[in-house]
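Colleague: The structure follows.
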Amino acid sequence: MTAEYLNANIHIVSTTPFQKLDKFRIEITREIWRLRFRHNWNFQIAATQWWNTLPRFLLCTEDVRISAITLGSGEVSKMTPESELCQSMLAFVIDGVYPDAEAVVASDFPASAIPKELQLLSKAKDQLENEISSLSQQTSSDIDGWISQATQLSADIDRSREIARGIVADNENTKPFQFMVREATVKVDLLEVEIRFNEALTNTLERVQRHCQQLDTARTDAEEGRIATAIKSLEDIECSIKGVASPTIGKLTRMISSNLSELRQSIIEILLFRFNSMVKIDVDKGEICIKDDFSLDETISFLTGLNMLDAAIKRLQGDLLAAIMNPILLPHPLGQSHDISIEEHGIRVKQPMPLTSISQALDRIITVLGYVQNLPVSISEKLSHAILPTISSTLIDSLLEPGIPIDLSGLNTFERVLEHLLELCRVIESYGWHGQEYLLSWVNQVPRLWLIRRRVEALDQVRQVLSQSTGSSRSVERVETQIVSSKDEVLLEGQATDDWDEGWENENKKDLVDEVATSHMGDEEDVSAWGLDDDGDSAENVDEQPDRRHAREESHDEDDAADAWGWGDEEDNQPSEDSLKVPAAAPTRENGQDGKQISTQREVTLTEQYTITDIPDRILALIQHQISDSESLSRPEFSNTRVATSGPGLLALPTLIIAMFKATAPPFYSFKLNAGQMYLYNDSMYLAEQIHSIVSKHQLAKLTPDTEGLERFGKLSYSREMQTQRTILIDLLDGSQGFAHCSEQPFLGECENAVNATVDRVRGIHKEWLTILSRSALLQAIGSLLSTVINKIIIDIEDLGDISEADSQQLVLFCNMLSQLEDIFVQEKMGTAEPASMAAVYVRNWLKFQYLINILESSLADIKFLWTEGELRLEFSPDEVIDLVEALFADLIGNEKPIPFEFLISGSYLHTSIDEYLNTNGLSAETTLEVEYVRALVPPLHVASFLHDDWVSSVDVFSSTSSAEGLQGRERILSGSYDGLLRMWNMSSQVMAVSPSPADGGHTAPIRAAKIISTTQIASAGLDRTVRLWKYSEDDEFSGRITPQLELYGHKSAVTSLAANTPSNRMLSASSDHTVGFWSTKKSDAPAPPANLLPSSSGRGSKRRKLNSSVTVPQRGPLTLLTSHSGPVSAAIFDSRDSTVGYSTSWDHSLRTWDLVTAALVDTRTTSHSLLSLEHLPDLHLLAAGTSARHITLIDPRASASTVSAMTLRGHTNAVVTLARDPHSAYGLVSGSHDGTCRIWDARSTKTDKGGVVGESTYSIPRKSLEEEGKPGSKRIGGEGVKVFSVCWDRTVGIASAGEDKRIQINRGEGIISANGSTGQ
């Protein structure tokens, strides 16, 4: 061990610097002395061995110079002698003396000094051995003594151990006796406890025995009628039990308590039986009998002691009410009531008989209370406190309040009832009872209650009038005499009047405008209905009409106010105030020339017929009834009645009746009557006119605001109906899409549908309102609606930037269709006068519309003539005419608007200035650049949307420019949906054909892919794992048929993608079973299907629902299945220029190239993300693949490509699931994503960043469904609800996209991406 220690520590000598040698010396010294005392003689041998190996160890050191004396860094002194180094080393090892000279410390230990150092160490070793030997000899005697003492101590320890063993053995022998003693002690304690328990049990049993005897005695006393003794015993036993209660006898105590409860209950039952026999009430027979003897008081006393009197009284109260009071107070359903008879021992209820008056019932109640008063005071007082509140409330609810008369004829009788009621209160007070206060309070409130009853009845009658109305109508006549000027007579010829509401409170026109203006702010209907908006109307001036040239800027609210009042054209047909006062000359203009005409005045009687329902007359009857009753109450015969003071309050009821009518009428008129709002308008105006007459007759100035509010309410109903119809007409016209390209399909069909629907709607409204409104009101209303339509058409046409000749001709046809509505405004023939059209009077912009038609079909010379010689300048502003001329004759006068261009340098779009481009690319200003310019991209506009019943998973198009070789003008759109059906659409949004249902050979699961192979053949595939071929044929231009042709089986999972190559009659399919299917579209070329995949091969135990098809369809299999992918295949396509080459993408991140002739895998390109869609860009030699990472990767499939990804297109925010090539350009691409957008890309619009070449989208096409929901520009999280599933791009039709919003959306933009451009240097 010593040698090992020294050898281990020698590393410190050989590997540490001088700073650690001192520590080593100290450790060696301590170890020597420790070993000296522990090992004595062996230490000398170990130390000697160590000293002998020390030189040999030093010689084996690899580099003594480095490991022995290395200390930091610095120059090595070559002048230090070797002898000095050896002595310094020896001194440090033996004595721990650190060298003082810095030269020695910094010096290296040379190899030549090792022999000398070994000699010095050998001498030091010899000296150390001699010293150790000397020390060992000097201490040997002491060590012997220590050994002898240790031996003696060991012997003493052995003797002590033997003695301890003996003591332990003696203790073990006494343990059995100790256990016996403890056991005997426990038995003694147990016996003592048992003795004490037996003594306590004996005492308890004796006490229980006594209690049981007392219980038996008490029970006997109770049974024999000694109730007082039984109760005394009961109380004694209870006190005794409470005094001796102990947990040890809990069970016995509970048993005794149970017996006590039974005894108490028995006593109570006996007492209640005695009480009920003395105060006997038979509910069934309606009898009450009270035996007056001394035992009743005793029974009451006993019940009081047992705290059961209240329970007995409560039961008595219930029986008294049920047997006597209720038959009296609650009338029989037939209006009968029970009389009572007083007999010798009680009161009995008789059979029901007609109740002639409430006073009879009050007399009966007095009789019953007088009989109950004979009970002992202790019962009667408590019973009165319990039954009088119930009797009072029942009396009021069942007799008094229903007995309040509504008509004045019953007031005298009701006064007598009140006197009887006061008599009942006096009787109750004479008995010393309480409870009559409630009845007295009710009597004092009779005037208020009578008025409330009249109010409730009046409001209820208003509801009944509305609910019971049959909707019958009648014509009423309005006659009014007015002063008109001579310039207005032209409007009066041939008819009574042309201004429906001119004379109806003209001073309130501003109130109507305020009412209409607030009708769009929320709860205006409720406020106006209750008459809360009658005051504080705005004082704005609305009499001025805007100039016709600014008709497009007029608000609909002003139109509504004008329509409702009938003063929309007052500039033309209403005299001014000055002309009404003083005849004066008024300037007029005829055919563009100024002239003068003397204005004269004369009185004219205006008469018109309009239709109202039966409701206003009944409402008027209610109002007149309240007014007449109020006047009657002021007469002497009613002056002494209590309700006479309520007469003035009746005058407030007409206000509430009107308010109730306004609050409840709108829903009734809307739901029960056609054109209900117009009926409401007529009824309200008629009702207001009649009430105004009543106000004048009875001088009720307070009703004037209510009358005015009713007028505003009617006009507001008119305004709402007009606004509703105006909105419908605007929506119908919106289908024309602003009349852009109106001479081309599909825009032509949409414009025709929109104009026809608008014309039909206007005529339908005219027909519906013809029997409701007066002639002038009808023409005013239809004229306002037609003005709105015309105004929108004028605006849309003026907004067109370029109107071709074909568009102009078509616009004229559309305008002429609307002009045919002029026959509505033709006057009825009067005598020999020819009927004249009043369209220019009632349709504000009619003349402007006619001039627009002239402009659309006129030459420049004709337009100039209309402006200079005609009245065109009266209807159009110069700017409007200039804009129309520029749009109509753009090809003649040239387009002065600059055409925007975009520029490309080296095939990439220039997004910066030339200077920035040169600086960014490190080019000098003298570099020659080849610049290509193309017309700026035009954003694709929404053309149409085709709605479905379920998600649309796939869309395809064939037209004259598509690969399917469609026919010119017969474009078709094919859609596949999650409802399992194919649909063929024309460009007018009409479904021409639908595929059969599963029972007739159709898909049994959602369709995921649909392709048009030719004009007569289409293909589809879906979640039912089949690919199906269909025959398509058309019967005419509006109908066709899709019939099953071939069923292809081969895939074991859902088929998600299809690609067809028409010339080769081949198809590719992508499936979730990791395979690509290669098929023939000809039945003769296709092999037989796999037997195990046919529907008939399903086992009997299969839970899949099977449909028995009534159609037999041929079944075939694939030419081959291409198996190499390790994940679901998302897409498979043909090479656009070589039908023998196919490409496929998969969720396994790979793009694979196939030789379809040999079914061999040619190439595999692996990316970093799952690939979900695929499209070929042949001119660029690239394949575009949509990824789950929200971008599109452009991959070069050629073997010579050095990288997998040539470019990345970024912009989508969710997976890119569908792609389509631009038919206009080799650089264009459209993508559809689950983010709810389609994006258009140009491969030349790129930039380079750290990730490589990156492209950005040119345009983003949102879903139209978001705009229709009122959320344009909104974003759904992950495209939820608007995901795009499929997209197709056709040169003729445009971009067709389908998605989760259950629609196909068509967007079109000419020259979205230009394939060619001009270049310059």
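The values are calculated or read from the model by the stated rules, or taken from the named source; none is laboratory data. Owing to the predicted nature of the structure, the values given are computational and were not obtained by experimental measurement. In this analysis, Cβ positions are derived from the backbone assuming ideal geometry, glycine residues included, and neighbour counts consider all displayed protein chains. Ligands, DNA and RNA are excluded from the accessible area calculation, which covers all protein heavy atoms including side chains. Shrake-Rupley method; radii C 1.70, N 1.55, O 1.52, S 1.80 Å.
Colleague: In nanometres, what is the gap between the two model label sites at Gln820 and Ser148, each 7 Å from Cα along Cα-to-Cβ?
Modeller: Spacing of the two 7 Å Cα→Cβ label points: 15.3 nm.
Colleague: Label point 7 Å out from Val1162 along Cα-to-Cβ: which residues of the stretch 1068-1090 have amide N under 16 Å?
Modeller: Within reach of a label on Val1162, which here means backbone N under 16 Å from a point 7 Å along Cα→Cβ, the stretch 1068-1090 contributes 1068.
Colleague: Determine how large the accessible area of Arg348 is when every protein chain is in place; take a 1.4 Å probe and give Å² rounded to the nearest 10.
Modeller: Around 80 Å² of this residue is reachable by solvent.
Colleague: Let me ask you something else. Go through 282-289, 160-167, 782-789 and give me the packing order, highest mean Cβ count within 10 Å leading. Can you show the working numbers first?
Modeller: Numbers: 282-289: 15.8, 160-167: 8.4, 782-789: 24.1.
The packing order, highest mean first, is 782-789, 282-289, 160-167.
Colleague: Still on this structure: Let me make sure I get this right: for the stretch 1119-1187, a, b and c are the square roots of the gyration tensor eigenvalues over alpha carbons, sorted descending. Under 1.5 in a/c it's rounded, otherwise prolate if a/b > b/c, else oblate. Which is it?
Modeller: Judged from the Cα gyration tensor, the stretch 1119-1187 comes out oblate (a/c at least 1.5, b/c at or above a/b).
Colleague: Would you mind calculating the gained length between Asp799 and Ser924 on full extension (0.36 nm times residue separation, minus the Cα-Cα distance), in nm to one decimal?
Modeller: Taking Asp799 through Ser924 to full extension adds about 40.3 nm, to one decimal.
Colleague: Going by accessible area, probe 1.4 Å, with all protein chains left in place, what is the ranking of Cys815, Cys239, largest first?
Modeller: Sorted by accessible area, descending: Cys239, Cys815.
Colleague: Taking a ≥ b ≥ c as the square roots of the eigenvalues of the Cα gyration tensor of the stretch 1039-1095, is the shape rounded (a/c under 1.5), prolate (a/b larger than b/c) or oblate?
Modeller: rounded
Colleague: Ignoring ligands and nucleic acids, what accessible area does Trp985 show with a 1.4 Å probe (Å², nearest 10)?
Modeller: Ignoring ligands and nucleic acids, Trp985 comes out at about 10 Å².
Colleague: Moving to a separate point now. Simple spin-label model, 7 Å along Cα-to-Cβ: Val1204 to Ser430 in nm?
Modeller: Spacing of the two 7 Å Cα→Cβ label points: 11.3 nm.
Colleague: For Glu689, Glu916, give the ranking by accessible area with the largest first, probe 1.4 Å.
Modeller: Numbers: Glu689 75, Glu916 95 Å².
Sorted by accessible area, descending: Glu916, Glu689.
Colleague: On a 24 Å Cα-Cα criterion, which of the cross-link pairs Lys1082/Lys1283; Lys767/Lys848; Lys280/Lys314; Lys232/Lys314 come out too long?
Modeller: Table pairs above 24 Å Cα-Cα are Lys1082/Lys1283; Lys767/Lys848; Lys232/Lys314.
Colleague: Still on this structure, please answer the following. Ranked by accessible surface with a 1.4 Å probe, highest first, in what order do Glu102, Glu1300 come?
Modeller: Largest to smallest exposure gives the sequence Glu102, Glu1300.
Colleague: Work out, step by step, the length gained on full extension between Ser409 and Thr304: first 0.36 nm times the residue separation, then minus their alpha carbon distance; give nm to one decimal.
Modeller: Value of the extension gain: 32.4 nm.
Colleague: Can you pull the one-decimal nm distance between simple spin-label points at Thr1140 and Arg416, each 7 Å off the Cα toward Cβ?
Modeller: About 12.1 nm separates the two model spin labels.
Colleague: Under the 0.36 nm per residue contour assumption, what length would be gained going from the current alpha-carbon distance of Arg618 and Ile452 to full extension?
Modeller: So the chain would gain 57.6 nm between Arg618 and Ile452.
Colleague: How would you order 298-310, 1128-1140 from highest to lowest mean count of nearby Cβ atoms within 10 Å? Intermediate results must be reported in sequence, preceding the final value.
Modeller: Values: 298-310: 16.9, 1128-1140: 19.6.
Per-residue Cβ counts within 10 Å, averaged per peptide and sorted highest first, yield 1128-1140, 298-310.
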